[in-house]
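As structure tokens, the structure follows; a few thoughts come after it.
None of the figures in this text is laboratory data; all of them are computed from the coordinates on show. Source: prediction; values computed, not measured. When we count neighbours, we look across all protein chains shown, and the Cβ atoms used for this are built from the backbone with ideal geometry, even at glycine.
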Amino acid sequence: MNKKLILMLTIVCLIIFSFQVAFAAEATTSKLPNVKILATGGTIAGAGATSTTTVGYTAAVVPVDNLINNVPELKKVANVSGEQIAQIASENMTNKVWLKLANRINELLASDDVDGIVVTHGTDTIEETAYFLNLVVKSNKPVVIVGAMRPPTAMSADGPINLYNSVIIAGSKEAKGKGVLVCLNDAINGAREVTKTNTSMADTFRAPELGYLGYMQDNKPHFYKQSTRKHTTKSEFDVKGLTDLPRVDIVYGYANNSRVMLDAAVAAGAKGIVHAGVGDGSLFTEVKEGLIDAQKKGVAIVRSSRVGNGIVARNGEANDDQLHFVASDTLNPQKARILLMLALTKTADPLEIQKMFWEY
């Protein structure tokens, strides 16, 4: 066999081999789930002055494409793409950003080309955004909210592994139908129960009484339970077409209280008030009078508790039936506020709103 023929056969073999490699790579990629990352800012997108700066850093400066590129391992577990919804520290989260985010998620999940959503978010209000989305997302596909307690510039940054884990969960079959999830520090929490319990520790997100839904281990989600309350596809709430939500304010309970803050909220146009009462939602006498006056003006009143755990019993520390108040069940004040805002888009009847608090 002459040299030219050998050379030609070698070239043909190399071409065939390259096509086989390309086809195998394409086949592998096509088998991966398609996960969309929607970025809103927060510490996970922050930057500090030094590698040891874990407080006093600047949040919400790193764009979503950089977040993705900084975790190259994502390409091995999903076909990921990013979109910047907002670039804010989460203490500046607004109703308008929530509505924009929710509508975009519903739009994306309606497509066969998207298998799951990850939302990057600041930790200060991550539980509120998660619960809001839990009530208005119209799909059983996974939606996972993720954040970080340390910025990407810190030597102990937790954002990359949190993002990696969240993408795996969002692309998994196991997470379908479980409502909106929050994943940090290898723990998987449900949106309704999760809360931030520590100002700065990496394991801050917990469900103190009801517990985690599961864990991330060995690059896999392991679920042990799920919420029994209505969410996502079972929810009656729909934000499509809404440009804002009814104003609901939280009034805090404490010793030697007064109705000054309550009256100010009502005067400012609040359609609903959540009272974060002491104990089992107890009411200071003067505040109780103010809440009665507000209810007579058509303001919806929800009794919650500042305690953080336990059921606020209806007709326990106040005669809710007689006063036309609503008991928050186990929802903390900030989540009770979200449910009340959405409830007021449907009805102002306190008995109907109470039913929603039992169901959601």
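Across region 34-45, rounded Karplus estimates of 3J(HN,Hα) from the backbone phi angles (6.51 cos²θ - 1.76 cosθ + 1.60, θ = phi - 60°) give 9, 10, 9, 9, 9, 9, 10, x, x, 4, 4, 10 Hz, Gly and Pro being marked x.
Between region 296-354 and region 192-263, the alpha-carbon centres lie 15 Å apart. In region 143-246, Cα pairs under 8 Å separated by at least six residues give a relative contact order of 22 percent. The alpha-carbon atoms of region 248-359, seen along their principal axes, cover 34, 30, 25 angstrom, with the largest extent given first.
Using the empirical formula 2.2 N^0.38 Å as the baseline, the Cα radius of gyration of region 32-234 reaches a ratio of 0.91. When only alpha carbons are used to place a centre, region 71-90 and region 136-153 end up 10 Å from one another.
In the chain, the ratio of gyration radius to Kirkwood radius, Rg to Rh, stands at 1.10 when only Cα atoms are counted. Straight Cα distances below 30 angstrom link K288 to the lysines K196, K271, K296, K297, K335, K346, K355, with same-chain residues fewer than 8 positions distant left out. The relative contact order of region 32-234, computed from alpha carbon pairs under 8 Å that lie at least 6 residues apart in sequence, is 22 percent. Using a Gaussian network for the chain with springs between C-alpha atoms less than 10 Å apart, which of these wobbles most: T199, T153, T123? Maximum fluctuation in the GNM of the chain, among the listed residues, is at T199. For a straight C-alpha distance cut-off of 18 angstrom, the aspartates and glutamates reachable from K31 (same-chain residues fewer than eight places away being disregarded) are E73, D112, D113, D115, E174.
Across region 146-160, the residues whose backbone nitrogen lies under 18 Å from the label position 7 Å along the beta-carbon direction of N69 are 152-153, 160. Near T228: Cβ cut-off under 13 Å, other residues only, Lys/Arg at +1 and Asp/Glu at -1. The net charge is +3. Of the candidates P151, P142, P246, which one comes out as most mobile in a Gaussian network treatment of the chain with C-alpha springs shorter than 10 Å? The residue with the greatest mean-square fluctuation here is P246.
Tally Lys and Arg at +1 and Asp and Glu at -1 over the other residues with C-beta under 12 Å from the C-beta of K355: what net charge comes out? Provide the component values of the computation, followed by the final result.
Numbers: positive: K230, R314, K346; negative: E236, D329, D349, E352, E359.
Around K355, the surrounding residues sum to -2.
Sequence-ordered 3J(HN,Hα) estimates for region 121-133 from the Karplus curve with 6.51, -1.76 and 1.60 and θ = phi - 60° stand at 7, x, 7, 4, 10, 4, 5, 6, 4, 4, 5, 4, 5 Hz, glycine and proline given as x. A helix-only calculation puts the chain at -10500 deg cm²/dmol for mean residue ellipticity at 222 nm, using -39500 (n - 2.57) for each DSSP H run of at least four residues, averaged over all residues. Result for the chain in a Gaussian network model with C-alpha springs under 10 Å: among K297, K141, K230, the largest mean-square fluctuation is at K297. Distance between the pseudo-spin-label points of E289 and Y252 (7 Å out from Cα toward the beta carbon): 2.4 nm. A simple spin-label model places pseudo-atoms 7 Å from Cα toward Cβ; at S51 and Q87 they are separated by 2.6 nm.
Look at the alpha carbon pairs under 8 Å that are at least 6 residues apart: their mean separation over the length of region 187-250 gives a relative contact order of 25 percent. All other residues whose Cβ lies under 13 angstrom from that of F284 are scored, Lys and Arg at +1 and Asp and Glu at -1, for a net of +1.
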